[in-house]
Amino acid sequence: MTPQLLENTLEINADFPEKLAPLFSPSRYKILYGGRGGAKSWGIARALILLSLQMELRILCAREFQKSIKESVHHLLEEQIYALGLQAYFRITLTSITSVNGSEFIFSGLKTNITAVKSMEGIGICWVEEAEKVSKESWDVLIPTIRKANSEIWISFNPDADTDPTWKRFVEKPPVDSVVIEIGFRDNPFFPDVLRAEMEECRAIDPETYDWVWEGKCRQISDANIIKRARIDTFTTPEKGVRLFLGADFGFANDPNTLDRGFIIDKTLFIDYSIHKVRCEIDDIPAMYDQIPGSRQWPIKADCARPETISYLRRQGFNISAAEKWQGSVEDGIAHINGFKEVVIHERCTTLDRKCLNPYQETRMYKYKIDPVTREVLPVIVDKHNHHWDGIRYMLDGYIQRRGSNSNLLKAVNS
C-alpha cells in the first residue's frame, strides 16, 4: 500500500547547518554562495524535499547548461530522499520526481531550452544551481517566468569572477526581498574528513586556488585573463640608472585618455605612475600629462591612429611619437608583457578617478573570449577594459618583437 501524507502526521529528522534556517521562511530570493564543502546543494535539496511534502509544489530545478538529466540535480535529490528515509513518499523515474501529494520536480537547462522555460506555468519554487554560469540573458527571461503568487527563486553557486552577472545581480546589489547567505566549510558541522584533507592540501600548495575553491572568493586570475602576473605594491623609483617608458592611449566618448609610466629592472616591469580622464578634450590633455613626473622630458609612445593628436601634443612641448603597429602587434605586445617575471603596479595607480578602471583593475577585466557553451578560453582578445594596457604596450614600442623574430622576447634593459 502506498502511504499517503497526512498533514502534521509525518515527523522527519533532518539535519541542517544553522545558516540554512532562512530557507524555511518566505522570501522572493534566497541566495546561497560560498566555497566548496558548505552544504549548499544538499541543504537546498533537503529543504525542497521537505517543502514538497508539506504542500503541493511545482519545483523547477534549472541550470544554465543541461544536455541530459545526468547534468541536473536529479541524482542529488534522489540521494537525499533515500538519506531521509522518504522514498516511500516519492515516485522517482529516470527523468522525474513526484511526491504522493502531487508535488513535482522539473529539470531544465536555460541556455538551450529557454523557450520551454518561458512557457512553464505554476512554478512555486525555482532552484538555480551552479548559478555562477547563468548569463544575463537567461536571468532576464527566467525571473519574470517565475510569477506565481508567493513564488520564490533559490540560487546556489560557488563564485567565479566578480564580473559574472549572477554575482553582480544577486550579491553586489541584491534585489528587494532577498536573503543572501554566504556559507562555507566552517559553517558545515558535517564537513567530511576527506574534504578537509583536500582543503588543507590545497591551502598549502596553491593559496590562490584555495581562496577561490574553498573560501569562495571571486577568482582573481583565470586562464582567460590576458595579463598573467601583476600585483600591487609600493616601491621607490630609482633616481638614476633607469630608462623611463611612457605610453598613451587616446580615448573618445566614454573611453578614457590614459598615460602610464614605467621602468624595467631585473626583467620586471614596474608601473609607477598612471593617469586617466574620461571625456578629455584635446586642449586638456597637456595638463593631464603634466600630472606624471617627467612626461615632458622622456619619450612618449602613443596610438598611431590619432596622428592629429600626436601632432598637437608635440606642438605643446611633449616628445611624443606614434608606436608602430602591424598585423598581430597586439598579440605580440601581450606576449612581451607576459614575458616579464612579473608586472608590479604602484599602489598610487589604484587610487585614480573611479569613472573608469585603473591599470590593476583592468588586469582582472581584460580577457580572452570564452566559449559560452564549453567554457573554453579562445585565442580571441576581447577589445575591452584595456585602455591602460594598450598604453603600456605602446610604451614598449621598439622592444616588442614581431612573431618569427630571432631576437629575444625581452631586451636586457637594466637587467
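What follows is calculated from the coordinates using simple rules that are stated; it is not laboratory data. Only a predicted model underlies this, so the values are computations on that prediction, with no experimental measurement involved. Virtual Cβ from ideal backbone geometry, glycine too; neighbours counted across all protein chains shown.
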Using alpha carbons only, how many degrees (0 to 90, rounded to 10) separate the axis of helix 74-83 from the longest principal axis of the chain? 50
How large is ³J(HN,Hα), in whole Hz, for each residue of segment 340-354 in order, when computed from phi with the Karplus curve 6.51 cos²θ - 1.76 cosθ + 1.60 and θ = phi - 60°, using x for Gly and Pro? 5, 4, 6, 10, 10, 9, 5, 4, 4, 6, 9, 10, 6, 3, 7
As an exercise, take the mean of 1/r over every pair of distinct alpha carbons in segment 121-265, invert it, and state the Kirkwood radius in angstroms. 19.8
Do any of LYS341/LYS367; LYS133/LYS384; LYS133/LYS168; LYS217/LYS341 go past 18 Å between their Cα atoms, and which? LYS341/LYS367; LYS133/LYS384; LYS217/LYS341
For segment 43-91, just list the percent of Cα-Cα distances falling in each 10 Å bin from zero outward, please. 23, 55, 21, 1
Rg from C-alpha atoms of segment 230-395, normalised by the globular rule of thumb 2.2 N^0.38 Å, equals 1.03
Segment 142-154 - phi-based ³J(HN,Hα) in whole Hz, Karplus 6.51/-1.76/1.60, Gly and Pro as x: 5, 4, x, 5, 8, 10, 4, 3, 6, 6, 10, 10, 9
What order do you get for TYR82, TYR399 when you list them from fewest to most C-beta neighbours inside 10 Å? TYR82, TYR399
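Arrange the following residues from fewest to most other Cβ atoms within 10 Å of their Cβ: PHE105, PHE170.
Details: PHE105 26, PHE170 22.
By the 10 Å Cβ count, ascending, the order reads PHE170, PHE105.
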Interchain or long-range residues, amide H under 5 Å from ILE320's placed H: ILE300
Rounded to two decimal places and with Rh computed the Kirkwood way over Cα pairs, what is Rg over Rh for segment 221-284? 1.04
Where does each of LEU259, LEU244, LEU396 land when they are ranked from fewest to most other beta-carbon atoms within 10 angstrom? LEU244, LEU396, LEU259
In whole Å, how far is the Cα centre of segment 256-270 from that of segment 338-397? 13
Give, as a single signed number, the net charge of other residues whose beta carbon lies under 11 Å from the beta carbon of ILE310, with Lys and Arg counted +1 and Asp and Glu -1. +2
How large is ³J(HN,Hα) for each residue in segment 189-199, as worked out from phi by the Karplus curve 6.51 cos²θ - 1.76 cosθ + 1.60 (θ = phi - 60°), to whole Hz, x for Gly and Pro? x, 10, 4, x, 4, 5, 6, 4, 5, 4, 4
Average silhouette area of segment 18-195, convex hull of alpha-carbon atoms, in square nanometres: 10.1
Please quote Rg/Rh for segment 316-393 to two decimal places, taking the Kirkwood radius as Rh and restricting both calculations to Cα atoms. 1.01
Can you tell me the dipole magnitude for the chain around its Cα centre, using point charges on the Cβ only (Lys, Arg +1; Asp, Glu -1), in Debye to the nearest 20? 1000
Once the dipole of the chain is set up with Lys and Arg at +1 and Asp and Glu at -1 on Cβ about the Cα centre, which of TYR289, LEU32, GLY339 lies farthest towards its positive end? TYR289
Which is farthest toward the positive dipole end of the chain among THR145, ALA88, ILE271, measuring Cα position about the Cα centre, with Cβ charges +1 (Lys, Arg) and -1 (Asp, Glu)? ILE271
(i) 21.0; (ii) 19.7; (iii) 25.0: which one is mean projected area of the Cα convex hull in nm² as calculated from this entry? (iii)
For segment 230-395, the dipole about the Cα centre with charges only on Cβ (Lys and Arg +1, Asp and Glu -1), to the nearest 20 debye, works out at 140
